[in-house]
Every structure is written in structure tokens, then in C-alpha cells.
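We did not get these values from a lab; they are worked out from the coordinates using the rules stated. Everything quoted here is computed from the prediction, not taken from an experiment. No Cβ is skipped: glycine too gets one built from the backbone with ideal geometry, and neighbour counts run over all protein chains shown.
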Ligand SMILES: [Zn+2]
């Protein structure tokens, strides 16, 4: 589940007041929810986690339920969820509502924390406030494990022919496949469609290799392009994977 590489999208925010930090933190939670939605990732839970080595408070992980995940999460029907590490061993009920909790394996996709003054204090990171006094800056941090997201997307979007990339993350949205590159008419027709789509700003690949139809159709599925536009003597056909 975890690759040898670890690419992280990291963001830090700096605020004059705790209230401002909290408002921004909420906005970022909304942004993260939209990111996972746009990536067509299902079963992403927002779980309370350990503060780990980063310190601060209100530490939340974004966990994607997966049998191949590396973490255990505890989920309650009331909507709360935790990284199992933060609950005392053998906890069987929800600390909030006392209903039974369920343990699931999960893949950690992201992590956000209110750092508050955890780093500004030791670094003496201050600003001059409205009343001319030095004041510590409030901080928050927001991370996404980019490779982990790719793993979860592939896990949720594939079939025996290959990866089925969601449109927002696919290398190309469309693949124009010209069935016979020796047919001048088909090549002309394909070129025209390709140029038109490019001009419209579409994300499109034209497979103009002089290879058999079978190879080109297979390669398109293997790369995981969501839409095939096949140009043959029978006309133009569109197939969505
Ligand atoms: Zn509960």
C-alpha cells in the first residue's frame, strides 16, 4: 500500500488570532472534502488522531477504508471515528455515545492539525498587533499524501483490463483511436477531430500509431483513459469505460 517514495502536499497557515485559525481550519476541511469528492474517492473518513510528533490540537486524519490499509480506525454509528491508536487498548464502545464501535483497516490520505503556538512559541515567531504589542502567531498545517491517494484511487477504480482513472485525474480524458492508419480518409477525419478538441481545451490523446486495433484498444484501457473515441469505416463511436 505504501510506495518507496513519499510525496507530500504540505501547507501551513499563519494567523493573528485563534479564532481566525479555527475559521481557516474549517474552510480547509471543506476544501479537503471537495478534493476527495473530485477524485471520486469513496469511504474517506475524517478521524480524530494522535498529535504524533507535530504537537498542537484538533489533529484529524483523512482515512480511506481499505483492506490493504496500514492503520486501524474505530468507527461509531454516531458519525465519530478515531485512529485506533488514540483509543485505550480493547476499547469496544464509542467514548461519546457508548454505542459499540467497529474496527476497519484504512489508508491514511491526509492529515490536518491546529498547531496553535506549538512552533511560534519556541521560535518566538511574533507580529505587532493593533495595539502595538508583540503577539505570537497561531499556526495550522494541512497535508496530503499524494502517492497514497493514487493507491486508493487505483484500488477503487480498476477492472481486469487496467486502471479506470476518474476524469479529473486521468492522464487524458479522451483517446482518439484511428482503427486503420493506412486509410487516408480516417486519418484526415481523426486529425480534424483531434484539432477541434484541442482547440476546445479538451484533454485528448490521439493514438496515431500504425498498430492493430486490438493493441490500441488494449493500451487505452491499460493507461486508464476514461473515454475512447474510435474512428473507423463504420463511423465515430464513443465508449466510456
Ligand atoms: Zn458514538
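Using Cα-Cα distances under 8 Å and only pairs 6 or more residues apart, what relative contact order does the chain have, in percent?
Details: 454 pairs, mean separation 46.8, N = 241.
Computed over the chain, the figure is 19 percent.
Computed from the C-beta positions of residue 92 and residue 185 and an R0 of 51 Å, the FRET efficiency is 0.15 to the nearest 0.05. Does the range 59-142 come out rounded, prolate or oblate by the C-alpha gyration tensor, with a ≥ b ≥ c the root eigenvalues, rounded set by a/c under 1.5 and, if not, prolate when a/b is larger than b/c and oblate if not? Note, shape of the range 59-142 comes out prolate. Here r is the Cβ-Cβ distance between residue 6 and residue 131 and R0 is 41 Å; the resulting FRET efficiency, rounded to 0.05, is 0.40.
Under the criterion of Cα pairs below 8 Å and six or more residues apart, the relative contact order for the range 174-240 equals 45 percent.
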